[in-house]
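Novice: Just passing along the structure, written as structure tokens.
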Amino acid sequence: RVSWTLADSVPEVEASRVSLQRQGTSSWHFVAGGGGSCGRRLLVDEAKATENRNSCALPTPLRTVEVVDLDTSCAYRATVALGNSQGWGGTSEPSAFTSTVARLPESDIPQT
């Protein structure tokens, strides 16, 4: 899960773009997929993201995404860029590397 805050800007922030880097590699991958405001996303390779960058734009007010199908034996770090009608800002400083946690299937989540 990656969370961020939206900066105050004029014009207002319209979208965010999140990238993840797997520890031990030099490449960054955009987070994309899963339309709407559901917040569940997949990593895409750079070539696919370059072909269609709009699929990597996460609409405002979305500020948290759950990235699915990550390798749970690896740690990842994230950067975020914010965009508005004037274009995209620079990316944030990378977060610290964080281990992933395997997601429990909904049927395994205890009911309270």
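Novice: When the chain is fully extended, how far beyond the present Cα-Cα distance does Arg1 get from Thr64, taking 0.36 nm per residue of separation?
Specialist: 22.0 nm
Novice: Okay, next question. Going from most exposed to least, what order do Arg77, Arg22, Arg17, Arg1 have by accessible area with a 1.4 Å probe?
Specialist: Arg1, Arg22, Arg77, Arg17
Novice: Using protein chains only and a probe of 1.4 angstrom, how many square angstrom of Leu62 are accessible, to the nearest 10?
Specialist: Roll a 1.4 Å probe over it and Leu62 shows about 20 Å².
The values are calculated or read from the model by the stated rules, or taken from the named source; none is laboratory data. Here the structure is a predicted model, which is why all the values come from computation and not from measurement. Note: accessible area is taken over every heavy atom of the protein model, side chains too, but ligands, DNA and RNA are not part of it. Shrake-Rupley method; radii C 1.70, N 1.55, O 1.52, S 1.80 Å.
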